[in-house]
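Reading through the structure tokens given below for one structure.
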Amino acid sequence: MTIRLILAGCGNMGYAMLTGWLNSGKLAPEETFVVEPNAELRARAADLGSRVASEVGGVPADADPGIVVIAVKPQVIREVTAGYRRFGNGKATFVSVAAGTPVATFADILGSHTPIARCMPNTPAAIGKGMMVVYSNEHVSEAAKEVVGDLLSASGEVATIADEGLMDAVTAVSGSGPAYIFHFIECLTAAAENAGLPPKTAALLAMQTVYGAASLAAESREDPAVLRRQVTSPNGTTAAALGVLMGDDRLKTLLTEAVEAARLRSIELGK
């Protein structure tokens, strides 16, 4: 069967995306080809039914994929991408999920007329709950944009941006964002323990409360501010707690500073 997609790199993110494509039926296993030098990671791709190789030289000479996904660490982007030059300058659409690597880097390696879509996913993509934001250069056709968007939707929600410069803000909000939420859960658990709850109960309350609140916010038609007010009785317990979090915009200021720190670091890493 024709190879429709080549996946370069099958680490955590690459494997999560591959699993989503196959489980959703968006791709048949035999339509995918995975290039992964690590034997253990390569084996799990093979277990899914994908054809695999340890290096790009193992890709069949007559392969004519519509899409090549680059899912390797930024440090090896140039070395890895160079192996796929034969698919550049319009032969395939390239999709990168490497943080901080601009489209210009891929164009320099693959040719100035190469269709390139840069995607910033996040780790919840591993369970189909991710947030994928895509920037495409002028060479990506509308048909290719639809195909890329459809594939990425197997891993969660997909949004597009027209200005690549906004990718640093995307990285700071949704790319790094899961870590902020994980830390919030850690802190809420610690606060629950400090209030006297047993560790296991504290952890369950913190985890389920965050999960439930996020699910309600996602499924409700109401704005989060409205949902917050619905929970907050005048002079009640929630109001007392929010007086601490919202007083002098404490939490808002803290998160704004955190996102800005991440955005500036993303800019530095992209240079």
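Each value in this text was obtained by applying a stated rule to the coordinates, not by laboratory testing. Keep in mind it's a predicted model, so treat the numbers as computed, not measured. In this analysis, Cβ positions are derived from the backbone assuming ideal geometry, glycine residues included, and neighbour counts consider all displayed protein chains.
Quick notes on this structure:
- Residue of Ala99, Ala195, Ala126 that the Gaussian network model of the chain assigns the largest fluctuation, springs spanning Cα pairs under 10 Å: Ala195
- C-alpha center-to-center spacing [the range 73-145, the range 174-204] in angstrom: 35
- Three-way shape call for the range 135-190 based on the alpha-carbon gyration tensor, with the a/c threshold at 1.5: oblate
- Long-range HN-HN contacts of Leu7 with modeled amide H, under 5 Å: Phe33, Val34, Val35, Val69
- A cut-off of 5 Å between modelled amide H atoms, ignoring neighbours fewer than 5 places along the same chain, links Ala98 with Cys119.
- Anisotropy class of the range 5-163 from Cα gyration tensor, a/c 1.5 cut: rounded
- Net charge over other residues, Cβ less than 12 angstrom from the Cβ of Gly11 (K, R count +1; D, E count -1): +1
- Distance-filtered residues of the range 182-201 - backbone nitrogen under 16 Å, label point 7 angstrom along Lys129 Cα→Cβ: 182-186
- Derived scalar couplings ³J(HN,Hα) [the range 87-102; Karplus, 6.51 cos²θ - 1.76 cosθ + 1.60; whole Hz; x for Gly, Pro]: 9, x, 6, x, 6, 8, 8, 9, 10, 10, 10, 7, 5, x, 9, x
- In the chain, the C-alpha radius of gyration followed by the widest Cα-Cα span (Dmax) gives 21.5, 71 angstrom.
- Beta bridges per DSSP, both residues in the range 5-163: antiparallel share near 15 percent.
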